[in-house]
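Q: The structure follows.
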Amino acid sequence: MSSAEQRAKLQSNIWKIANDVRGSVDGWDFKQYVLGTLFYRFISEHFSNYMEGGDESIKYAELDDSIITKEIKEDAIKTKGYFIYPSQLFANIAKSADTNDSLNTELKKIFDAIENSANGYPSELDIKGLFADFDTTSNRLGNTVKDKNSRLAAVIKGVEQLDFGKFEDNQIDLFGDAYEYLISNYAANAGKSGGEFFTPQCVSKLIAKLAVHKQTTINKIYDPAAGSGSLLLQAKKQFDAHIIEDGFFGQEINHTTYNLARMNMFLHNINYDKFHIVLGNTLTDPQFGNHKPFDAIVSNPPYSINWIGSDDPTLINDERFAPAGVLAPKSKADFAFVLHSLSYLSVKGRAAMVCFPGIFYRGGAEQKIRKYLIDNNFVETVISLAPNLFFGTSIAVNILVLSKHKSDTKVQFIDASGDDFFKKETNNNVLTEDHIEKIVTLFDRKEDIDYVTKLVDKDKIAEENYNLSVSSYVEAKDTREVIDINALNAKIKTTVAKIDKLRAEIDEIIAEIEV
């Protein structure tokens, strides 16, 4: 099955499950049950595969819990980060889900047991709270225990029927696709901006390629607004696992999305000791200051959100913001994320970030921060993308690439918003593999190409009041029809002569009629 067919089948089945079983529950509130059940199935299968160790004669799901010794359990937790007894596996719960009168409470016990199995081990913080949003006692599932169990059973049986094959053999990011697809549908109905919760895979891939471009090894990769972890995972796909030496780091402020990001790491075979996803406000309570610098930073921070800014007088002395001499506006935190990322970037690395276009031309504090970035030669490239790439918003975003190892003082501007740089689909535009490679090639070559790319010295940018809008430097191609004035005048002259002749003939006819 091709990746396109696999994706279409997955989306169709998952959306059918989500709609068939949620009843009157709001889709946005119900998504965690579908995604949580997917996660439960995946970790159960992965854990079974680990315990079987490739021995086809062993069927872990068929073993009795009593044969599990303390030593076996400890070894598994140290390796996988958690433990699941045979009786707790998704496959065994699914068998009797339809007839289990205690399904909701039994699931709660299993989820608690999986999380608690990590207590006292290095994986404790990575496992703790993973199922916190999967509330099996919530009235959203129904007013009675029977209703709750019925709805939970329907989700479990639906997910059981999905044909994923072996996770390692899948051609596409199945869990990421499920997440993106569900969010895109839910967000439209919930009035939420899709870009706030996830980054489309095509944009994630482009950002990851830019951040790791020509780096044969990177120490670690970081996303200060991790979302569901899609950007970090796309970076993983650009390298063999061993080349990202110290793993994946991310901070996320939304609790539900934070849990999904951790789930996503597990589902992509990133072990607990290779990822570090934390919950919290990156701007006011950064968690990875002791882990910097990072060779690659990828991010799609929320657009123009409010933050405490100048209301906290200590922030101007923060090592992340102090060099610029000014804080990002309280109503627009965009440049706070930019300065944060720059502070965490290594001298050999790159940061590639999705940015709201307004930050590149507005005045005030944002202009002063642009001045700091340009005067210190940190801006490598600004790329304008096509509109409508993100679910829930039609904004034509920009990508800002920061670097501390530039060999010249020029800034590259790329206009990738034209028809040659995206494909129109039913609801959204997308970047194909060819589009992504085309943009990365332009980024690599650093050449002037009419109507597409322009290299501009920082002194010229200073003369333009530190405006970093792509349209200010890359001339738009004039697509209007070219008109030959001489030929047009000749045509008009001929036409006028014909009209004069016709008028004369009409006058003669009228004169004859009157006589």
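Q: List every residue whose amide H lies under 5 Å from the amide H of residue 278, counting only residues 5 or more places away in sequence or on a different chain, with H placed 1.01 Å from N in the peptide plane.
A: Close amide H contacts, sequence-distant or interchain: 250, 251, 252.
Q: Does the range 215-318 classify as rounded, prolate or oblate by the C-alpha gyration tensor (a ≥ b ≥ c root eigenvalues; a/c under 1.5 gives rounded; else a/b over b/c gives prolate, otherwise oblate)?
A: In terms of gyration-tensor shape, prolate.
Q: Could you tell me the convex hull volume per residue, in Å³, taken over the Cα atoms of the chain?
A: Dividing the Cα hull volume of the chain by its residues yields 240 Å³.
Q: With θ taken as phi - 60° and the coefficients 6.51, -1.76 and 1.60, list the Karplus ³J(HN,Hα) couplings across the range 97-114 in order, rounded to whole Hz; mark glycine and proline as x.
A: Calculated HN-Hα couplings, in order: 4, 5, 10, 7, 6, 10, 4, 5, 6, 5, 4, 4, 5, 5, 5, 5, 5, 5 Hz.
Q: Treating only the Cβ atoms of Lys and Arg (+1) and Asp and Glu (-1) as charged, compute the dipole magnitude of the range 384-460 about its Cα centre; round to the nearest 20 debye.
A: Here the size comes out at about 360 debye.
Q: Taking the Cα centre of the range 198-284 as origin, work out the dipole magnitude from +1 charges on Lys and Arg Cβ and -1 charges on Asp and Glu Cβ, in debye rounded to 20.
A: Once rounded to the nearest 20, the dipole reads 260 debye.
Q: Please determine, in degrees from 0 to 90 and to the nearest 10, the orientation of helix 70-80 with respect to the longest principal axis defined by the Cα atoms of the chain, where the helix direction is its Cα long axis.
A: 10 degrees
Q: Answer with one residue from 486, 476, 461: the one whose Cα lies farthest towards the positive end of the charge dipole of the range 444-511, charges on Cβ with Lys, Arg +1 and Asp, Glu -1.
A: So the residue we want is 486.
Q: Beyond a 31 Å Cα-Cα separation, which of these cross-linked pairs lie in this structure: 80/108; 9/128; 237/424; 371/424; 128/205; 332/406?
A: Over 31 Å apart, Cα to Cα: 9/128; 371/424.
Q: Counting pairs of alpha carbon atoms under 8 Å apart in space and at least six apart in sequence, what relative contact order in percent does the chain give?
A: Taking the mean separation of contacting Cα pairs over the length of the chain, I get 11 percent.
Q: Here is a follow-up. Order the peptides 443-451, 501-509 from the highest to the lowest mean number of other Cβ atoms within 10 Å of their residues.
A: 443-451, 501-509
Q: Out of residues 5 or more away from residue 228 or on other chains, whose amide H comes under 5 Å of its own, with H placed 1.01 Å from N in the peptide plane?
A: Long-range HN contacts for residue 228: 199.
Q: Using a/c under 1.5 as the rounded threshold, could you call the range 1-140 rounded, prolate or oblate? The axes a ≥ b ≥ c are square roots of the C-alpha gyration tensor eigenvalues, and prolate needs a/b larger than b/c, oblate otherwise.
A: Here the range 1-140 falls in the prolate category.
Q: For n ≥ 4 DSSP H runs only, could you compute -39500 (n - 2.57) per run for the chain, divide by its residues and tell me the 222 nm figure to the nearest 500?
A: -13500 deg cm²/dmol
Q: Run the dipole for the chain about the Cα centre, Lys and Arg Cβ at +1, Asp and Glu Cβ at -1, nothing else charged, and hand back the magnitude in debye, nearest 20.
A: Charge dipole, the chain, about its Cα centre: 660 debye, nearest 20.
Q: With θ set to phi - 60° and the Karplus curve 6.51 cos²θ - 1.76 cosθ + 1.60, what are the ³J(HN,Hα) couplings of the range 206-216 in order, to the nearest whole Hz, using x for Gly and Pro?
A: Coupling constants for the range 206-216: 4, 4, 4, 5, 5, 5, 9, 3, 6, 8, 6 Hz.
Q: I've got another one for you. Return the tail of the calculated pair distribution for the range 249-370, meaning the percent of Cα-Cα pairs more than 26 Å apart.
A: Cα-Cα pairs of the range 249-370 separated by over 26 Å account for 21 percent.
Q: Let me ask you something else. Counting just the Cα atoms, what span does the range 119-168 cover along each of its three principal axes? Round to the nearest Å and put the largest first.
A: Extents along the principal axes, in whole Å: 39, 30, 13.
Q: Check which residues have an amide H placed less than 5 Å from residue 247's amide H, if you skip close sequence neighbours.
A: Long-range HN contacts for residue 247: 221.
Q: Applying the Karplus parametrisation 6.51 cos²θ - 1.76 cosθ + 1.60 with θ = phi - 60° to the phi angles of the range 504-512, what ³J(HN,Hα) value in whole Hz is obtained for each residue in order, glycine and proline being reported as x?
A: So the J values, rounded to whole Hz, are 4, 5, 5, 4, 5, 5, 5, 4, 5.
Every read-out reported here was derived from the displayed coordinates using simple, explicitly stated rules and does not represent laboratory data. This structure is a prediction, so every number in the text was calculated from the model and none was measured. Cβ sites come from the backbone with ideal geometry, for glycine too, and all protein chains shown count toward neighbours.
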